[in-house]
Amino acid sequence: MEAISAMESSDSDCPSFVSTDTMVEWEATHVLRCSPYQSIRCLKCSFHEGVLTLRGRLPSYSLLQVTQTRVRRIAGVEAINNRIRVEWPTDS
């Protein structure tokens, strides 16, 4: 499994003069927004000194695992601070 490098991104939406923390946070946000799962696209993240913090709600533990697996591959992410709540859908 190859790491995704935020610093090697050729995407013009991300300027080259931003800090490494900002670049990694931008890359993590991009990974979340490109997910085929709507609930993952709604998650928020922040990054500081090697720690990626994820926040939000997901309907299952399997989606939580998918999320962590995808962002763990980003270059610079040394740890994940998981603040995601798993809330089972309720029948209304």
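Each value in this text was obtained by applying a stated rule to the coordinates, not by laboratory testing. From a predicted model like this one, the values you see are computed outputs, not experimental measurements. Note that each Cβ is placed from the backbone with ideal geometry, even for glycine, and that neighbours are counted across all protein chains shown.
A few remarks follow.
- The stretch 14-63 - residue that is out of contact with any helix residue (DSSP H, G or I) (no Cβ under 7 Å at 6 or more places or on another chain) and aromatic (Phe, Trp, Tyr) and, of those, farthest from Asn81 (Cα to Cα): Phe17
- Among residues of the stretch 53-92 being of a type in the set (Val, Ile, Thr) and part of a helix (DSSP H, G or I), the one that is surrounded by the fewest Cβ atoms within 10 Å (Cβ to Cβ) is Thr69.
- The stretch 40-50 - residue that is within 11 Å of the chain's Cα centre (by Cα) and not in a helix (DSSP H, G or I) and, of those, farthest from Ala28 (Cα to Cα): Cys42
- Leading residue by the ranking (farthest from Gln38 (Cα to Cα)) among those in the stretch 65-80 that are more than 11 Å from the chain's Cα centre (by Cα) and free of Cβ contacts under 8 Å to residues at least 40 places away in the same chain: Glu78
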